[in-house]
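Student: Pasting a structure here, questions to come.
The values are calculated or read from the model by the stated rules, or taken from the named source; none is laboratory data. All figures in this text were calculated on a predicted structure; none of them were measured in a lab. Note that each Cβ is placed from the backbone with ideal geometry, even for glycine, and that neighbours are counted across all protein chains shown.
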């Protein structure tokens, strides 16, 4: 009997082996490039491919394996290029591209009070915000940003443009204690913010957020109201923290504690908070930031240009604080190129610590992708190339003279690559730019509208 059963089993095996594996139809295949996954194992496939179905990555393997198992009406050949996760810009003010280059070579407080706040008071309208945001998202798509965090006025306009362009955004309605273009009082700002949250909560691309500007532009009761509003609706809080020595001085003088400790005393700090800058912090401050689960957005370029200081990135990393990279607004950077922000992150920390190993390329790349996604509360869906995550990715060309030779693709991305090396940008499975042609925006129209709007800024600040 056992021999008979064995014969049956052996006889049936060839029948099963002749069956052709099912081939799955998917919406997009990207094949042939060096794939930097930035997954927890830091896998790099020297010749890899991805199968994308709808919004999601469904397979990552060799080109041969993907070709055997998947078919698609749309295939992108990435041979000779690098395929990588889209970059996550954890702090910016998108419409402020319209103030790019305005009031250069000033400290933060002088720059804000003499140029930016007066210019905004005279120019910011819903139409102006739409124009500036279109220019900003055009620049981001062209330079490889697939998700960004924003703080500004008329945030519903920013959200609408972001969604139309196909980018992913965690977008915060800004609240201040003095009259601003979209709110005369903090109470007006809070009301606008709640309406904004209700309008966009649940959107596949836009996460609404509450954005109290800072401790020095808001009173304690408003800061607490901002925290309560965010927690009522389960949305993030975006805030500036310890950006300058002046801010630290204000906190010490008015509250007898550091900015971090003051915000903690108000019960504002928590795992739903993304704090921009975090430059002037003590070891005790970092301990509190870690304990509360606060994420930090490091903005090296604006910090250097405004002489705000050097954030202790190495200490944050050692304390296992979630830290991403941001460009800040293009008014103080003066661009939205996250590749440049990565390079400056690495160089600044190496210089300030006198340690060439302080921020190695793999760590900096993680800060600009997977850790940045974690800082925005998006790590489950983006920030790395993994099966089940959204298809937010870039194809980076390596044919520029500065890209030759190429030995270490991760180091090449951090230390060599620029935004204009990006050939193709994909978000949520949709191709936003292919071979440098942006498909979701009319580039010529966006630029023309921005040039026309810049006349308003010139008039506002008295430029010829």
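Student: How many of the residues making up segment 41-100 are in a loop (DSSP other than H, G, I, E, B) and closer than 25 Å to residue 300 by Cα?
Tutor: Selection size over segment 41-100: 4.
Student: Which one of 190, 205 is closer than 24 Å to residue 446 by Cβ and in contact with a helix residue (DSSP H, G or I) (Cβ under 8 Å, 6 or more places away or on another chain)?
Tutor: From the options 190, 205, the qualifying one is 205.
Student: I'm told residue 41 meets every condition in (1) free of Cβ contacts under 8 Å to residues at least 40 places away in the same chain; (2) closer than 16 Å to residue 329 by Cα; (3) surrounded by fewer than 21 Cβ atoms within 10 Å (Cβ to Cβ) except one. Can you identify the failing condition by its number?
Tutor: Residue 41 satisfies every listed condition except (2).
Student: Mind listing whichever residues of segment 356-370 are in a loop (DSSP other than H, G, I, E, B), surrounded by 20 or more Cβ atoms within 10 Å (Cβ to Cβ) and free of Cβ contacts under 8 Å to residues at least 60 places away in the same chain?
Tutor: Correct list: 359 only.
Student: So, of the residues in segment 381-416 that are within 19 Å of residue 32 (Cβ to Cβ) and in a helix (DSSP H, G or I), which turns out to be farthest from the chain's Cα centre (by Cα)?
Tutor: Top of the filtered list is 403.
Student: Restricting to segment 304-338, name every residue that is in contact (Cβ under 8 Å) with a residue 40 or more places away in the chain and more than 21 Å from residue 151 (Cα to Cα).
Tutor: 307, 309, 310, 313, 314, 317
Student: Let me confirm something: among 220, 191, 225, which residue is without any contact (Cβ under 8 Å) to a residue 24 or more places away in the chain and either in the same structural domain as residue 296 (by TED's automatic domain parsing) or buried (at least 23 other Cβ atoms within 10 Å of the Cβ) (or both)?
Tutor: 191
Student: Considering every residue within segment 436-450, establish whether at least one is modelled with pLDDT of 95 or more, within 22 Å of the chain's Cα centre (by Cα), closer than 18 Å to residue 81 by Cβ and part of a loop (DSSP other than H, G, I, E, B).
Tutor: yes
Student: Let me ask something else about it. Out of 135, 171, 167, report the one residue that is over 22 Å from residue 210 (Cβ atoms), buried (at least 23 other Cβ atoms within 10 Å of the Cβ) and either in contact with a helix residue (DSSP H, G or I) (Cβ under 7 Å, 6 or more places away or on another chain) or without any contact (Cβ under 8 Å) to a residue 24 or more places away in the chain (or both).
Tutor: Exactly one of 135, 171, 167 is over 22 Å from residue 210 (Cβ atoms), buried (at least 23 other Cβ atoms within 10 Å of the Cβ) and either in contact with a helix residue (DSSP H, G or I) (Cβ under 7 Å, 6 or more places away or on another chain) or without any contact (Cβ under 8 Å) to a residue 24 or more places away in the chain (or both), namely 135.
Student: Only one of these is surrounded by 17 or more Cβ atoms within 10 Å (Cβ to Cβ), within 27 Å of the chain's Cα centre (by Cα), touching a residue at least 40 places away in the same chain (Cβ under 8 Å) and not in a helix (DSSP H, G or I): 207, 235. Name it.
Tutor: Among 207, 235, only 207 is surrounded by 17 or more Cβ atoms within 10 Å (Cβ to Cβ), within 27 Å of the chain's Cα centre (by Cα), touching a residue at least 40 places away in the same chain (Cβ under 8 Å) and not in a helix (DSSP H, G or I).
Student: Name the pairs: first residue in segment 447-464 and assigned by TED's automatic domain parsing to the domain that holds residue 115, second residue in a helix (DSSP H, G or I), Cβ to Cβ under 9 Å, at least 6 apart or on different chains?
Tutor: From residues that are assigned by TED's automatic domain parsing to the domain that holds residue 115, there are no pairs.
Student: Just to be sure I understand, how many residues within segment 371-390 are in contact with a strand residue (DSSP E or B) (Cβ under 6 Å, 6 or more places away or on another chain) and surrounded by fewer than 20 Cβ atoms within 10 Å (Cβ to Cβ)?
Tutor: Here the count works out to 2.
Student: Select from segment 249-262 the residues that are closer than 24 Å to residue 375 by Cα and touching a helix residue (DSSP H, G or I) at 6+ places or on another chain (Cβ under 6 Å) and list them in ascending order.
Tutor: Listed by number, the residues that qualify are 258, 259, 260, 262.
Rundown of residues vs (1) modelled with pLDDT under 95; (2) surrounded by fewer than 18 Cβ atoms within 10 Å (Cβ to Cβ), yes/no style:
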site: 420; (1), (2): no, yes
site: 425; (1), (2): no, no
site: 452; (1), (2): no, yes
site: 460; (1), (2): yes, no
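Student: Here's another thing I want to ask about it. Looking at 224, 173, 199, which is the one that is more than 28 Å from residue 113 (Cα to Cα) and either modelled with pLDDT of 95 or more or assigned to a helix (DSSP H, G or I) (or both)?
Tutor: The unique qualifying residue is 199.
Student: Could I ask something else about it? Checking the conditions here, which among 158, 197 is in contact (Cβ under 8 Å) with a residue 12 or more places away in the chain and more than 26 Å from residue 426 (Cβ to Cβ)?
Tutor: Residue meeting the stated conditions: 197.
Student: Can you find even one residue in segment 399-412 that is closer than 28 Å to residue 165 by Cα, crowded, with 21+ Cβ neighbours inside 10 Å and in contact with a helix residue (DSSP H, G or I) (Cβ under 9 Å, 6 or more places away or on another chain)?
Tutor: Within segment 399-412, none of the residues are closer than 28 Å to residue 165 by Cα, crowded, with 21+ Cβ neighbours inside 10 Å and in contact with a helix residue (DSSP H, G or I) (Cβ under 9 Å, 6 or more places away or on another chain).
Student: Let me ask something else about it. Find the residue count for segment 101-137, including only residues that are in a loop (DSSP other than H, G, I, E, B) and either modelled with pLDDT of 95 or more or not assigned by TED's automatic domain parsing to the domain that holds residue 159 (or both).
Tutor: Total meeting the criteria: 2.
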